[in-house]
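Colleague: This is the structure I want to talk about, given as structure tokens.
The values are calculated or read from the model by the stated rules, or taken from the named source; none is laboratory data. These numbers come from a predicted model, not from an experiment. Glycine also receives a Cβ, built like all others from the backbone with ideal geometry; neighbour counts cover every protein chain displayed. Keep in mind that these areas ignore ligands, DNA and RNA; they rest on the heavy atoms of the full protein, side chains included. Shrake-Rupley method; radii C 1.70, N 1.55, O 1.52, S 1.80 Å.
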Amino acid sequence: MHGQPRKPPKPEDEAASAAKAEKLRNLQSQFLCFHHNNIYSKEALEVNAKLLEINPEYYTAWNYRKLAVEHRLTQSESDPDSDSDSVNSILNVELKVVESALRQNFKSYGAWHHRKWVLGKGQSSLDHELRLLDRFQKADSRNFHAWNYRRFVASLLNISEVDELQYTTDMINKNFSNYSAWHNRSVLLSNLLKKKAQGFFPKEKVLNEEYELVHQALFTDPDDQSGWFYHLWLLEQTVKDDAPLLVSSWPAHDSNLILLGDSCLEDSALSPFNTFHSELGTIPLVVYFNKAVEGVNSSTISVESLLNTKGELTWKPLSTNNSQTAQVWVTYLNYPDIKLHSSEFYPVEVSVGHAQGIISSSGFHYSHPSRFAFKVFVRPFEKDLAGHGVEMVSWREDNFLLYESRSQESNPILSLDQLNIKDDHEESSSEWRAETIANEIALFRELLSEINCKIGKLTLARLLIAHDTMLSPIANKMVHSEEVIELYSDLIKLDSPHSQYYKDERSSVLLQQITSNRETLLRYCFRHGDRTSSILGNSICLRLNNLSLSRMGSIEKLLWVQMLDLSHNELRSIEGLEAMQLLSCLNLSNNKLSSFTALGPLRLLKSLKALDISCNEIGSHSIDTTRYLCSSPLSHAEEIDWIPDETVTGDVNLTDYWEAFLIFKDLNLTQSDIVGNAIADEKFKSFLVKIVPTLKWLDGQELQLH
């Protein structure tokens, strides 16, 4: 059992173990001899059965039995005197071997899988299987192997999911602590709700009844986690939208985008939130959904604009694993700077989902057609005829001044919620959600006033977040954010083994709080002192430094950011930053990034010019826990166009820095800082200069061109 200290073995126990080990070695030696010589005799199968009775986890032995059964069934088919009884006899022997093994260890994966395989041959009494399951579940009602097998047998017997749901109710009423029964209930209910089976629609009525059931378990024994986990599942069913929704875009709806040909923002009348500098002659168009989707293309998203002069647009998923399913998608509008007139705005209208095809990874279609529109104003392009070098961006504290906004400036935080077309059922569903969450909050506040329960605090935190999210669709205010942050801070102290999870959740809530409205966000917006730098698209920097952030969040509200300071936090990854397609300057210094793999999202940031990853832990760990290490390109799913002679010269070997090569090879950085990492020796710096030929500044020093 878990948590029980080990005791030193007695001499007689050691002798018994030694004898058992010797017997096991002899049986294994005989078995392997039969296996390697493809011998499937009666003697060989008896040796195998004895071996499995002692060690039911021997997968090779189970696979051997499958080969033996196939061999004997083939022989039986070719025997004219054979009948169905002989086939049944072969399969019944297998079932008895499995039962014998399960008596030794009724949680043996191999034994349960073998029994499923035998039943797949269709020669067994399924009623007998249910009686067998009853025996095992009486011995341990929470044995998840038996529950998984029960679902398999129930499907073969065509037992209705409604009947199986009643069985879980009976088992839960006998023992509220039956985690496997609760889990099986969630599986069955998910299927019934998805199919809108009779008696299971609308789901509001069903979930209300489930809340009543789980409350009985929670208030009977608050220290038992089984009911709590089911409650967390119920909360997810309550707040989630099955169909994908469009939640954000860049450019934002109803915005006026000023496109600067030259990168200097000298006109004080222009808002830095709506300015963008592009050297590529393109404007990124980003759509951000609430869940990963596929099917985003020119058929499902239409773009009407004079800027779209080169025919059909190509949409790309912003995914770090080359998946064709992603939460964020991007395409690029081309603009011919010579033909556009500086005195005119050019309207762009985007329609999403007016044709079928966008679908979530769970199979739900995008069912809320939406549209957003913006205008583009193009400033004339002024080429740098002098051809002078690129200025370095400094992250020193004295280079930043708190940004003072003007009242007429547009809000960079916009929601598309009002653009979604909702039906009457959705409106009533939203009211039910809000009422249900409010009731649950009141209930758990009362419970936590009487007991100190870790998972109760976690549940209350999630309820408060769900409440704020539902009641703030236009991103006005996170009412309970301070309370939630305090709850997670308490959990970090109370439950140190899971502290990293609580830190991540706290970071997510803090970022929701910061981005919830214009006033709070502007407290973190600073004007960069160097307004003439050719790297900066605008001079506004969002400074989220020194906040103890351990992960990023609320990215959908930060798509406009071009300069981002995340220094002096506790970030171990930058997952989500790939959506920020405008980023040109990024400071990740003084975090806990331990490998180049953690920087994977950078590969998709094509506008990135200045990157500071100094004072992290890159190269300090011999094992990259983010990805399996292998020096060969064949270990990765990426398609790499790599000509070795072009990138490996002198004493620099590409295989020494393969992960770094994957990150940096397609970036057009002009400035990078890597000092303070274990990997940042002269050899690596030489490698970095070779694979990033656009680099002009490294660790604060201007590179000399040869």
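Colleague: Which ones in region 171-189 are under 30 Å from the mean Cα position of the chain (by Cα) and without any contact (Cβ under 8 Å) to a residue 12 or more places away in the chain?
Modeller: Once the filter is applied, which keeps residues that are under 30 Å from the mean Cα position of the chain (by Cα) and without any contact (Cβ under 8 Å) to a residue 12 or more places away in the chain, region 171-189 yields nothing.
Colleague: Could you check residue 540 against (1) open to solvent by 10 Å² or more (accessible area, probe 1.4 Å); (2) at pLDDT below 90; (3) under 31 Å from the mean Cα position of the chain (by Cα); (4) among the β-branched types (Val, Ile, Thr) and say which number it fails?
Modeller: Here residue 540 clears every test but (1).
Colleague: Please enumerate the residues belonging to region 411-450 that are modelled with pLDDT of 90 or more and part of a loop (DSSP other than H, G, I, E, B).
Modeller: Once the filter is applied, which keeps residues that are modelled with pLDDT of 90 or more and part of a loop (DSSP other than H, G, I, E, B), region 411-450 yields 449, 450.
Colleague: Moving to a separate point now. Take the residues of region 90-130 that are more than 14 Å from residue 54 (Cα to Cα) and among the aromatic types (Phe, Trp, Tyr): which is surrounded by the most Cβ atoms within 10 Å (Cβ to Cβ)?
Modeller: Here the answer is 112.
Colleague: Let me ask something else about it. Tally time: how many residues in region 76-89 are open to solvent by 60 Å² or more (accessible area, probe 1.4 Å) and closer than 25 Å to residue 102 by Cα?
Modeller: 1
Colleague: Whether any residue in region 47-61 is open to solvent by 60 Å² or more (accessible area, probe 1.4 Å), assigned to a helix (DSSP H, G or I) and touching a residue at least 40 places away in the same chain (Cβ under 8 Å) is what I want to check. Show your work before the answer.
Modeller: At the first step, the residues of region 47-61 found to be open to solvent by 60 Å² or more (accessible area, probe 1.4 Å) are 50, 53, 57, 59.
Of the ones still in play, those that are also assigned to a helix (DSSP H, G or I) are 50, 53, 59.
Retained after the next criterion (residues that are touching a residue at least 40 places away in the same chain (Cβ under 8 Å)): 53, 59.
Within region 47-61, one or more residues are open to solvent by 60 Å² or more (accessible area, probe 1.4 Å), assigned to a helix (DSSP H, G or I) and touching a residue at least 40 places away in the same chain (Cβ under 8 Å).
Colleague: In region 570-580, what residues are part of a loop (DSSP other than H, G, I, E, B) and open to solvent by less than 10 Å² (accessible area, probe 1.4 Å)?
Modeller: Result: 571, 574, 580.
Colleague: Residues of region 200-221 being in a loop (DSSP other than H, G, I, E, B) and either within 23 Å of residue 363 (Cβ to Cβ) or of a type in the set (Phe, Trp, Tyr) (or both), which ones?
Modeller: Residues satisfying the conditions are 200, 201, 202.
Colleague: In region 609-706, which helices (runs of 4 or more DSSP H) lie fully inside it and hold 2 or more residues that are modelled with pLDDT under 95 and of a type in the set (D, E, K, R)?
Modeller: The qualifying helices (runs of 4 or more DSSP H) are 644-647, 682-691.
Colleague: Can you report the number of residues in region 169-218 which are acidic (Asp, Glu) and surrounded by 14 or more Cβ atoms within 10 Å (Cβ to Cβ)?
Modeller: Looking only at that region, the number is 2.
Colleague: A further question follows. Which of the residues belonging to region 62-75 are of a type in the set (Ser, Thr, Tyr) and open to solvent by 70 Å² or more (accessible area, probe 1.4 Å)?
Modeller: 74 - this is the single residue of region 62-75 that is of a type in the set (Ser, Thr, Tyr) and open to solvent by 70 Å² or more (accessible area, probe 1.4 Å).
Colleague: Also, quick follow-up: Of (1) farther than 17 Å from residue 95 by Cβ; (2) open to solvent by 90 Å² or more (accessible area, probe 1.4 Å), residue 35 satisfies all except one. Which?
Modeller: Failed condition: (2).
Colleague: What's the total number of residues in region 541-562 that are under 20 Å from residue 398 (Cβ atoms) and free of Cβ contacts under 8 Å to residues at least 40 places away in the same chain?
Modeller: The number of residues fulfilling the criteria is 3.
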